[in-house]
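Before any comments, here is the structure.
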Amino acid sequence: MKQDTHTDAVLVSAYINGDESALSHLITRHKQRIYSFIYSKVYNRDVTEDIFQDTFIKVIRSLKRGKYNEEGKFLPWVMRIAHNLVIDHFRKNNRMPKFENKDDFNIFSVLSDGSLNAEKQLIKGQVENDVRRLIEELPEDQKEVLVMRIYKEMSFKEISKQTDVSINTALGRMRYALINLRKVIDKHNIVLTN
Amino acid sequence: MQKMYSKTSHPEQVNNMAPKDETIRFLLDYSKALSVKRYNNLKFEALLN
């Protein structure tokens with residue numbers, strides 16, 4: 001029997017009635033279209049292969065359980081299943097199509113992990129402690145302005161009000177605080193980098 | 001300009017792609033192994049190897 005010339009409906013019916021070769025013909029007939037459709041969404045060969053397989057597992061189970069109503073729409077039905085599985089895939093991964101690394105370009109050479117690892121966190125803590133100790137050595141008026149500006153994130157307007165000096169004086173104290181800090185750091189060769 | 005923006009970054013031909021033979025073979029074997037038994041309006045799936 002030449003099954004290649006049969007319509008999808010005839011093949012589906014034959015498959016439901018136990019003709020396993022009908023499934024092979026259906027897959028052969030539509031595999032390229034369904035596979036390409038999935039690949040056009042996920043752009044990953046392995047994921048496409050998985051979704052293609054899951055699609056036909058659903059098709060096989062539905063047909064064998066008698067859940068499919070033949071209305072001459074076999075391909076649209078399979079495409080809908082594939083489409084839903086593609087959505088499930090993105091939902092599971094909680095993101096849009098992922099970037100594929102090529103041999104000549106690796107996305108991780110451009111992007112880096114913003115969070116610090118344990119060692120870097122430790123060093124960061126030490127550096128911050130060193131900076132605090134250096135600040136303690138500053139003259140009281142400069143220290144006061146620097147702490148308000150950097151740690152309390154106050155504006156110079158607020159600092160001038162609170163310390164009862166003009167904005168220019170507050171700016172000047174901040175400037176000298178930074179100059180003095182740099183001087184001490186240079187003098188003692190203190191390394192404050194992570 | 002239009003050409004630039006519409007250029008795909010995926011050089012592979014999306015329209016001429018097909019699954020691996022082993023995937024097809026797996027599906028045909030799965031289909032042969034799967035049998036659905038009906039009992040009092042209930043359906044049971046069995047995978048027979």
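Bear in mind these aren't lab numbers, they're just calculated from the coordinates by the rules spelled out. Keep in mind the model is a prediction, meaning the values are calculated, not measured. When we count neighbours, we look across all protein chains shown, and the Cβ atoms used for this are built from the backbone with ideal geometry, even at glycine.
When exposed loop sites are taken as GluC sites (Glu not before Pro) in a DSSP loop with at most 11 other Cβ atoms within 10 Å, the longest stretch of chain A clear of them is A:1-70. Between the residues A:G172, A:V145, A:Q162, the greatest Cα displacement towards the positive end of the dipole of the stretch A:144-194, with unit charges on the Cβ of Lys, Arg, Asp and Glu, is found for A:G172.
Remark on chain A: ratio of C-alpha radius of gyration to 2.2 N^0.38 Å is 2.10. Comparing A:T169, A:T55, A:T28 in a Gaussian network model of chain A where C-alpha atoms under 10 Å apart are linked, the largest mean-square fluctuation is found at A:T169. How tilted is helix A:20-42 with respect to the longest principal axis of chain A? Cα atoms for both, answer in degrees (0 to 90, nearest 10). For helix A:20-42, the angle is close to 20 degrees. For helix A:45-64, report the angle its Cα long axis makes with the longest principal axis of the Cα atoms of chain A; keep it between 0 and 90° and round to the nearest 10°. The answer is roughly 40 degrees.
Dipole check for chain A: with +1 at the C-beta of Lys and Arg, -1 at the C-beta of Asp and Glu, and the Cα centre as origin, the magnitude is about 380 Debye. Computed over the stretch A:118-187, the alpha-carbon pair-distance distribution with 10 angstrom bins reads 21, 45, 26, 8, 1, each value a whole percent. For chain A, the mean residue ellipticity at 222 nm estimated from helices alone is -21500 deg cm²/dmol, where every DSSP H run of n ≥ 4 contributes -39500 (n - 2.57) and the total is divided by all residues, rounded to the nearest 500.
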